[in-house]
Structures are given as structure tokens and as C-alpha cells.
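To start, the structure itself, in C-alpha cells.
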Amino acid sequence: MKKRALAILVIYLIGFSLFAQAGGANRQPQKNPPNPNPQNQNNGPIQNTNDQNSSSNSSNEDTSTYSGLLTILELDAVSGGLEKGGPQSVNGILNSVRLASSVLGDAPEFFKENTSTTPVGTISPKIRLSQQLSDNTFIGFNYSLGEKSETKTTTTSTSNRFTEDTIKPTTNEWKIRYGWGPLNLLTRKDFSYEFSFGYGNSSTTGNYGNFGLKLPGMSGGVSDGISGYAIGAGQLKYNIRNFSIDYGVAVPMWDWLNWYFRGDFTMFWGNMSMASFQAGADTGGTAGSYAPVQATIFKSKDGFFEGLSGFTWSFETGFVIRIFNTFGIRVGGFYQLSTFSVGSVQGYNVAPGTTPVEIGSVENLSSTLDNKQLGNFGATFGLVKNF
């Protein structure tokens, strides 16, 4: 009986709701009871929509006002007007690597060195794209095409030898990142963070030139009588792979301003090659300041321990000015530490009247030991857009 009564009640309710939707005139009194629910349903969403319009601008803009998952695009504009152009690529750091005999003449000496790198040209953008995959994970892609810079290295020795090297490379690089995040530089309420792992590749080709000058040196109050000058030119190439750990945090300060900090620790390895030609002249009474003509050609082996390898650690901090809720300008500064070594190489240094020197027998490929540990700093700026 209970089942039969329940079935009749269900049939009655279905028929009642269908008849009410038909809106028969004779059933007006029975139409009134359902009316409060449609009115509440109609008015409720209208009221909630207004609330959402005001609240979503504060909450959704914090993560994204965007339906779905957050997409972040950054353009790091590297300008030639800056003293430094942001944290240097691995290849830019390696521009100070030269074969010792190509800048010292034929006699290695202790040199004191000063190296500086500046961007060349107008603006060369670096693209950093991050796509959120879930609430806590993302995938990112860094890309730079045709980035140009100039590295000048000035060296002075204990025996009055002066050398200035100039390297003008063009670098193409990419890196894929995956991890927790992404770092939302335009966050509105809560802090945003990123911790990810990256793998990338970079290739560089650069023109190399140097000028050397040797003045007579003094030893025990007596001049060595050696003086001369030399001019050289050549080309450097790098092919580098790297693995990195990237991290960062962004914190809102005011409605229009955020503070951010980020950095990365990169381990790199690969190979380098160099071909250079140098012409010199002796002007003193004793020969030996520079060889009349010499050529250097070498290539390093590939691999972390056998070839060119090292580490770099960069720190960047600054502010993001929110022009709009999804667009801002990032300005800041950075400091970067680097250390590297060149492993086994193959090649020769050739000069008339001398036996070709197999490059593998040269202890240090760089002109000094102190240029293997570099500190680089400067300013950086860019544009940030959320989708």
C-alpha cells in the first residue's frame, strides 16, 4: 500500500509541475505557490552577479580574471642603454674564455683582468611564457633569438703587457621549465611562488678581436728591453646544455605595486671552439714580445667533466607596477655568480719558426685564473601580461 501511495504521489507531482508550466488560466491559484522559487531563482542570480562583478575583480584577478587556467607572458627587454642587460646567458659568461697564447704572445704571465659585458643594438626581447596546468603545477618556456652583446676584457701583466679583447656574440637559447607555480608577478591578494626544474640549450657565434701592447718591463732595476704590439681577429663558438632550478616569490604591497624576488641555479656543460689569427711586431732590442704571425685553432671535448662546464647562480629582485589588472611593468636589479672550467681540448697554435704547440699541453686556456670566477650585476626591466 505504501509503495502504491508513493507512486501515486510521484505521478501527481509530475503532472502538477507540467500543468503549472503550461500556465493554464484556470489554475492561477495553484501557480502562485511555485512563484516564489522562480522569483528567488531569477532575482538571486542577478543579485549574485553584481556581487560577483565586484568580488571577482578582487579575488579572480588575484589568480586570474581569466576563465580557466592562468597564462603569463613576460618580455624581458634587453637594451643597449643599460650597463648590464639582466642575468647573462651561460654563453655570455663564457666570452672571457680565450686561449692563453693567443693573447699573451708566447710567454704565459700573470695577468690582472677586468671584464664587462653590455647588450648591443636597440631592444632584443627575451620571452618567458608560463602556462598553468592545475592549481599547483605549470609548464614554462623561455626563448631568446638573436640576442647580441659585447664583452670587453682588459688585461695588464707584471711585465707591462697590455691586452684588450673584444667579443661580439649572437646567442640563441631556449629552456623548458616544469614545477610548482607559476610565479604570478601581478598577484593581487595572496603571495605567489614558483619552484621548478628546467632544461635548455644555447648556441653562440661571436667575432673575436684583440690588441696587445708590450712595453719594456723592469726586473731588479734593469729593463728587459722587450717591447712590441700585435693585432688579432677570430671567431668563437659555443654549444651549451644546461639544467636549472628556478624559484621565486611575488608579494602585493599596494593596489598598484608588487615586490618580487626570483633566482636560479644552473649547471651547464658543452663544448667551445675558436679560430684566431694574430700579427705582431717587435720594437725593442730583444725579440720575443710577439710572434710575427701566429694562428690558433682548437675545439674542446664535450661533456660535463671532459669539456666546458660550470655553474651559475643568479638573484633578481625589484618591483612590478600594475598599469592594469592584467598588465604591468617590471623593474629591478640582479647579481650573478659564475664559475667554470675548460677540460680537454684538441688543436694547435702555429707560428713561423716555431714548433706547433698542441693545445692540450697548455695548462690554462683562459688568460688568467681569476676570470674563471665572475660576478656580474646590473639592471633589468620587462613587461608582464596575464591571460
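Read the figures in this text as sums done on the coordinates, not as results from a lab. Only a predicted model underlies this, so the values are computations on that prediction, with no experimental measurement involved. A quick note on method: Cβ atoms are made from the backbone with ideal geometry, for glycine too, and the neighbour counts reach across all protein chains shown.
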Calculate, for Phe243 and Val222, the FRET efficiency according to 1/(1 + (r/R0)^6) with r their C-beta to C-beta distance and R0 51 Å; round to the nearest 0.05.
0.40
Potential lengthening between Trp254 and Thr205 on full extension [0.36 nm per residue; Cα-Cα distance subtracted]:
13.2 nm
Of the cross-linked pairs Lys175/Lys299; Lys148/Lys168; Lys237/Lys301; Lys168/Lys237, which ones have a Cα-Cα span greater than 18 Å in the structure shown?
Lys175/Lys299
Once both label points are put 7 Å beyond Cα along the C-beta direction, the Tyr335-Phe277 separation in nm becomes 4.5
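For region 163-223, run through the trypsin sites (Lys or Arg not before Pro) and keep only the ones in DSSP coil with at most 16 other Cβ atoms within 10 Å of their Cβ.
Working: sites: Lys175, Arg177, Arg188, Lys189, Lys214; in loops: Arg188, Lys189.
Counting only loop positions with at most 16 other Cβ atoms within 10 Å, the trypsin sites (Lys or Arg not before Pro) in region 163-223 are Lys189.
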Sites Tyr348 and Phe162 - FRET efficiency at Förster radius 22 Å, r taken between beta-carbons, to 0.05
0.25
